[in-house]
Amino acid sequence: MVYRNVYEAVLGTINFLINMILIDGKKEAADLRGELRGEVLKLKSEHNKIPGLTVILIGDLTPSQIYVRNKEKAANEVGLKSEVIKYPDSVEEKTILDKIKELNIDDSVSGILVQLPLPKHINKQHVIETISPDKDVDGLHPMNVGNLSSGYQGSIPCTPLGCYFLIKKVEPNLRGKKAVMVGRSNLNGKAMAQLLLQEDCTVTITHSKTKDLQGECLEADVIVAAVGIPELIKGDWVKKDTIVIDVGINKTENGIVGDVKFDEVSKVAKALTPVPGGVGPMTIACLLKNTIECFKRAQKK
Ligand code: GUN
């Protein structure tokens, strides 16, 4: 095994010692960004223009500011045109909707993302539905939700898409596998379920009212945890040979932890994503991918 840096060498050694695949989201994301960089150069030479991503950030929530900064940095790294438009918390909804309408008809903008969560006085549905489905890099517009569930072309939410690539890296053939989503949000659980259904998995979506969550998880070949409950998924919730994807990022007094109890689950699972360094980097790389896909579809129109 040849490692490219100390981080990869440490992960490789951990994998060997604990006999489990610690899924390296940082490496997978770096590889994907490398591919995308090549694609942007090719598109530039073919069309004499480059894909552009515009992010709207409202308010000053620290996590949102960090996410947006990381998105901008990654977009610049792959050679996309990147712009962040910031508004104070007090901005009126109409100002945001008008700005989105302006971006919808701006040819230099391929993708639009409005960072969530929004201040309470701004209606999320109005915002999402105002973004042109052709530029909706989050895949949250009802048109794209429908596209995904119908198996048609369109943007797929970035986090589930990133999870999907990580799962496929460990297990390319998912046919007949039992996949359990823990969490039913539009951004994660529901979209993830659609992607795994398209891979011929038998999919269960669980949530806070599910009667026997542990029992459901114990039947799973693939678990995707996206509920925002620190370390909910314990070692005795997971059978041997299960692939466990941890979408959670929870701030606790012991630091940032996922929705999966890492030290327990890593002793039984076949593969597990760490937090941080698992799903997070892939989400951003998939946002760049979605922007490029929107650009390519726009050139064909
Ligand atoms: N806030 C946290 N994750 C996301 C995401 O994937 N998209 C948007 N728009 N906001 C987020």
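The values are calculated or read from the model by the stated rules, or taken from the named source; none is laboratory data. Just so you know, these numbers come straight off a predicted model, no measurement behind them. Neighbour counts run over all protein chains shown; Cβ positions are idealised from the backbone, glycine included. Only protein heavy atoms, including side chains, enter the accessible area calculation; ligands, DNA and RNA are left aside. Shrake-Rupley method; radii C 1.70, N 1.55, O 1.52, S 1.80 Å.
Between Val114 and Ile56, the built amide H atoms are under 5 Å apart, and every one of these is 5 or more places off in sequence or on another chain. Remark: the chain is approximated by an ellipsoid whose semi-axes, taken from the C-alpha gyration tensor as √(5λ), come to 32, 22, 19 Å, largest first.
Suppose the chain between Glu77 and Asn173 were pulled fully straight at 0.36 nm per residue; how much longer would it get relative to their current alpha carbon spacing? Before the final figure, lay out the partial values.
Working: separation 96, 0.36 × 96 = 34.56 nm, distance 3.21 nm.
Once the chain is fully extended between Glu77 and Asn173, it gains 31.4 nm.
For the chain, the fraction of 1.4 Å probe accessible surface lying on carbon and sulfur atoms is 53 percent.
Taking the helices alone, the chain has a mean residue ellipticity at 222 nm of -14000 deg cm²/dmol, built from -39,500 (n - 2.57) per DSSP H run of at least 4 residues and averaged over all its residues. Over region 176-250, the pair-distance histogram of Cα-Cα distances with 5 Å bins from zero comes to 3, 18, 31, 28, 16, 4, 0 percent, rounded to whole numbers. With Cα atoms as the point set, the radius of gyration and Dmax of region 29-185 evaluate to 16.9, 50 Å.
Under the definition of Cα pairs under 8 Å and six or more residues apart, what whole-number percent is the relative contact order of region 139-290?
Values: 317 pairs, mean separation 33.4, N = 152.
Here the relative contact order equals 22 percent.
Remark: spin-label model distance Asp200-Asp106 equals 4.5 nm, labels positioned 7 Å along the Cα→Cβ axis.
Skip the ligands, DNA and RNA, and give the accessible area per residue of the chain with a 1.4 Å probe, whole Å².
Details: 15130 Å² over 301 residues.
Heavy-atom SASA per residue in the chain reads 50 Å².
For region 123-218, a/c is not less than 1.5, where a ≥ b ≥ c are the root eigenvalues of the C-alpha gyration tensor, and a/b does not top b/c. That puts it in the oblate class.
Show log10 I(q)/I(0) for region 153-301 at q = 0.12, 0.16 Å⁻¹, two decimals, from a solvent-free Debye sum over equal Cα scatterers. Log-scaled intensity ratios, in q order: -0.47, -0.81. Can you tell me the mean projection area, over all orientations, of the convex hull of region 93-163's alpha carbons? Units nm², please. Computing the convex hull of the Cα atoms and averaging its projections yields 5.1 nm².
Taking Cβ separations below 4.7 Å as the criterion for a possible disulfide partner, the isolated cysteines in the chain are Cys163, Cys201, Cys217, Cys294.
Could you please state, rounded to a whole Å, how far the C-alpha centre of region 15-46 is from the C-alpha centre of region 264-295? Taking the Cα centre of each part, region 15-46 and region 264-295 sit 10 Å apart.
With 29 Å as the limit on Cα-Cα distance, the pairs of Lys71/Lys296; Lys26/Lys99; Lys168/Lys240; Lys169/Lys239 that go past it are Lys26/Lys99.
Restricting things to Cα coordinates, could you compute the convex hull volume per residue of region 124-175 in Å³?
Numbers: hull volume 4.2 nm³, N = 52.
About 81 Å³ per residue, rounded to a whole number.
If you wrap region 239-283 in the convex hull of its Cα atoms and look at it from every side, the mean projected area works out to 3.1 nm².
Here the relative contact order of region 7-102, from alpha carbon pairs under 8 Å that lie six or more residues apart, stands at 26 percent.
Based on alpha-carbon positions alone, could you give the equivalent ellipsoid semi-axes of region 4-80 from the gyration tensor, as √(5λ), descending, whole Å?
Details: eigenvalues 187, 90, 12 Å².
They are 31, 21, 8 Å, listed from largest to smallest.
What helices does the chain hold that run 15 Å or longer along their axis, going by alpha-carbon atoms, with a Kyte-Doolittle average of 0.5 or more, using DSSP H for the helix calls?
Values: long enough: 6-18 (18 Å, 1.55); 25-47 (32 Å, -1.06); 62-77 (22 Å, -1.37); 93-104 (17 Å, -0.82); 158-170 (19 Å, 0.95); 279-300 (31 Å, 0.18).
For the chain, where a helix must reach 15 Å along its axis and average at least 0.5, the hits are 6-18, 158-170.
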